[in-house]
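The values are calculated or read from the model by the stated rules, or taken from the named source; none is laboratory data. All of these numbers come straight from a predicted model, not from anything done at the bench. Every residue, glycine among them, receives a Cβ derived from its backbone with ideal geometry; neighbour counts consider all protein chains shown.
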Amino acid sequence: MTVLLQTYSFRHAYAAGAIDVFGVLREAHRRGYDGVSINVNGPGLRQLSGDSASHVDAVRALLDELGLECDLEISGSADGFLAQRLDLCRRLGVRNLRTYMRHAGSVAESIESTIRDLQHATPVIERFGVPVLLENHEDFTGAELADIVGAVNHPLVGALFDYGNSMMVGEEPLTALEACIGHVRAAHVKDHACVLVGGEVHVLGVPIGSGVVPVTEIGHRLGAAGVNRLIVSNVWGYSAPVRSWRGGGTPGAGLFAIDDLTDPLLRPHPLPADAVALERASLAAGERFLGLG
């Protein structure tokens with residue numbers, strides 16, 4: 001199993017100026033990870049901490065020095081945008097490029113647009129030779145993700161399975177995984193609990209192993225299917241509403257049962273002053289549960 005550390009695991013530290021990409025790379029090496037998965041959405045390439053040629057070269061140099069693998073994470077599927085990010089992948093020696101859709105409209109329209117974009121982009125993807133993995137990023141059920149990747153039908157286009165994101169469409173993670181596992185090349189491991197916010201069910205990021213996501217069972221199923229690339233995603237401090245219930249879940253029942261969380265390590269809203277320290281504590285708790293380090 002190749003295990004990467006996602007830069008999102010330090011998003012509060014990034015926001016506070018307490019870490020940058022070089023710090024994350026050194027943390028990943030110190031903690032015994034095989035590599036990092038860097039989110040480059042937004043101005044300045046976000047958690048890459050800069051977009052100048054010299055900066056990108058410096059990141060590549062440190063990756064090489066520390067012997068770390070690298071994946072990148074973006075959103076969007078237009079071929080011109082993908083070409084830009086795939087060139088960045090080339091410069092950094094990236095193994096996989098994760099993306100998710102950015103289309104408005106109905107679910108059917110979003111699916112159609114994503115298929116069209118990725119089919120149109122396949123010549124660009126072939127030119128760079130970097131696999132593009134579509135994530136179930138709070139938008140699609142497992143079956144919908146499988147339909148998209150199956151329709152594109154290209155060896156360099158696969159799926160990234162996120163352990164918890166199907167909950168935002170009211171689908172239990174094991175149901176989602178069963179539907180798309182034949183396309184999955186990598187996975188984000190994370191954990192969630194459910195709380196009520198203004199009468200709506202919200203999914204809350206909690207330390208891996210402390211929530212409702214069947215982390216161990218998902219890991220076993222991924223391993224049995226030959227998926228050997230795992231990205232540790234510490235989503236402490238994250239919250240999102242369940243957008244729809246088309247995945248078959250029931251509000252307040254099963255994995256969507258409402259938790260009365262009072263520990264700030266489990267329920268960080270409003271965000272406490274020691275958010276950076278709690279974020280690190282959450283990551284460490286998740287690593288202990290996963291048997292890392």
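Values computed for the structure shown
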quantity	calculated
Residue ID - nearest to ASP71 (Cα to Cα), chosen from residues in region 206-229 that are touching a residue at least 24 places away in the same chain (Cβ under 8 Å) and loosely packed, with under 15 Cβ neighbours inside 10 Å	ASN228
Among residues of region 96-112, those that are closer than 17 Å to ARG243 by Cα and either touching an Asp or Glu at 6+ places or on another chain (Cβ under 8 Å) or buried (at least 20 other Cβ atoms within 10 Å of the Cβ) (or both), counted	6
ASP51 being in contact with a helix residue (DSSP H, G or I) (Cβ under 6 Å, 6 or more places away or on another chain), over 11 Å from GLY93 (Cα atoms) and buried (at least 16 other Cβ atoms within 10 Å of the Cβ)	no
Filtered residue count, region 96-116, keeping only those that are of a type in the set (A, V, I, L, M, F, W, C) and touching a strand residue (DSSP E or B) at 6+ places or on another chain (Cβ under 8 Å)	2
Single condition GLY286 does not satisfy, out of (1) of a type in the set (Gly, Ala, Ser); (2) surrounded by fewer than 15 Cβ atoms within 10 Å (Cβ to Cβ); (3) modelled with pLDDT of 95 or more	(2)
Residues that are modelled with pLDDT of 95 or more, in contact with a Lys or Arg (Cβ under 8 Å, 6 or more places away or on another chain) and assigned to a strand (DSSP E or B), drawn from region 174-230	ARG185, ALA186, ALA187, ARG229
Checklist (1) out of contact with any strand residue (DSSP E or B) (no Cβ under 9 Å at 6 or more places or on another chain); (2) of a type in the set (D, E, K, R); (3) surrounded by 14 or more Cβ atoms within 10 Å (Cβ to Cβ) applied to ARG246, failing item	(3)
1 or more residues touching a strand residue (DSSP E or B) at 6+ places or on another chain (Cβ under 7 Å) and free of Cβ contacts under 8 Å to residues at least 24 places away in the same chain: qualifying helices (runs of 4 or more DSSP H) within region 1-95	21-30
Odd one out for TYR14 among (1) more than 19 Å from GLY286 (Cβ to Cβ); (2) more than 16 Å from the chain's Cα centre (by Cα)	(1)
Exclusive hit being closer than 24 Å to SER166 by Cβ, acidic (Asp, Glu) and surrounded by 15 or more Cβ atoms within 10 Å (Cβ to Cβ), set ASP34, ASP71, ASP79	ASP71
Given (1) among the acidic types (Asp, Glu); (2) closer than 20 Å to ARG288 by Cβ; (3) without any contact (Cβ under 8 Å) to a residue 40 or more places away in the chain, index of the condition GLU144 fails	(2)
Pairs where the first residue, in region 230-253, is under 18 Å from SER210 (Cα atoms) and the second is part of a loop (DSSP other than H, G, I, E, B) and not aromatic (Phe, Trp, Tyr), C-beta under 6 Å, 6+ apart	SER233/LYS190; VAL235/LYS190; GLY237/PRO268
Pairs, first under 22 Å from MET1 (Cβ atoms) and charged (D, E, K, R) in region 265-293, second surrounded by fewer than 17 Cβ atoms within 10 Å (Cβ to Cβ) and modelled with pLDDT under 80, C-beta under 8 Å, six or more apart	GLU287/GLY293
Test: residue in region 231-249 that is at pLDDT 95 or above, within 14 Å of LYS190 (Cβ to Cβ) and not in a loop (DSSP other than H, G, I, E, B)	yes
Looking only at region 142-173, and only at residues there that are assigned to a strand (DSSP E or B) and within 15 Å of the chain's Cα centre (by Cα), the one that is surrounded by the fewest Cβ atoms within 10 Å (Cβ to Cβ)	GLY158
Residues of region 1-20 satisfying the condition of being among the hydroxyl-bearing types (Ser, Thr, Tyr) and buried (at least 17 other Cβ atoms within 10 Å of the Cβ)	THR7, TYR8, SER9, TYR14
Evaluation of ILE115 against (1) buried (at least 21 other Cβ atoms within 10 Å of the Cβ); (2) free of Cβ contacts under 8 Å to residues at least 40 places away in the same chain; (3) over 23 Å from VAL24 (Cα atoms); (4) touching a helix residue (DSSP H, G or I) at 6+ places or on another chain (Cβ under 6 Å) (one fails), failing number	(1)
